[in-house]
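Bear in mind these aren't lab numbers, they're just calculated from the coordinates by the rules spelled out. Because the structure is predicted, anything quoted here is derived from the model rather than measured. Cβ placement follows ideal geometry from the backbone for every residue including glycine, while neighbour counts extend to all protein chains displayed.
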Amino acid sequence: MEIIDKNNIPPETFDSGEARGITARVLIGKANGASNFVMRLFEIAPGG
């Protein structure tokens, strides 16, 4: 099992149209050897 600190993963920010204040991070994906799934963390700021 791999323990991941979300703060060590740079976030992607979405600020267009009605999608404001949203960040996404790929916690587990191809870079971690997961060939058939992806685990993402989305954070939505108040008013986002």
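Using alpha-carbon pairs under 8 Å, 6+ residues apart, how would you state the relative contact order of the chain in percent? Spell out each step's value before the answer.
Numbers: 66 pairs, mean separation 15.6, N = 48.
Once divided by the residue count of the chain, the mean separation gives 33 percent.
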The local net charge around residue 14, scoring Lys/Arg +1 and Asp/Glu -1 for residues other than residue 14 whose Cβ lies under 11 Å from its Cβ, equals -3
Summed over the other residues with a beta carbon less than 11 angstrom from that of residue 26, with K and R at +1 and D and E at -1, the charge totals +3
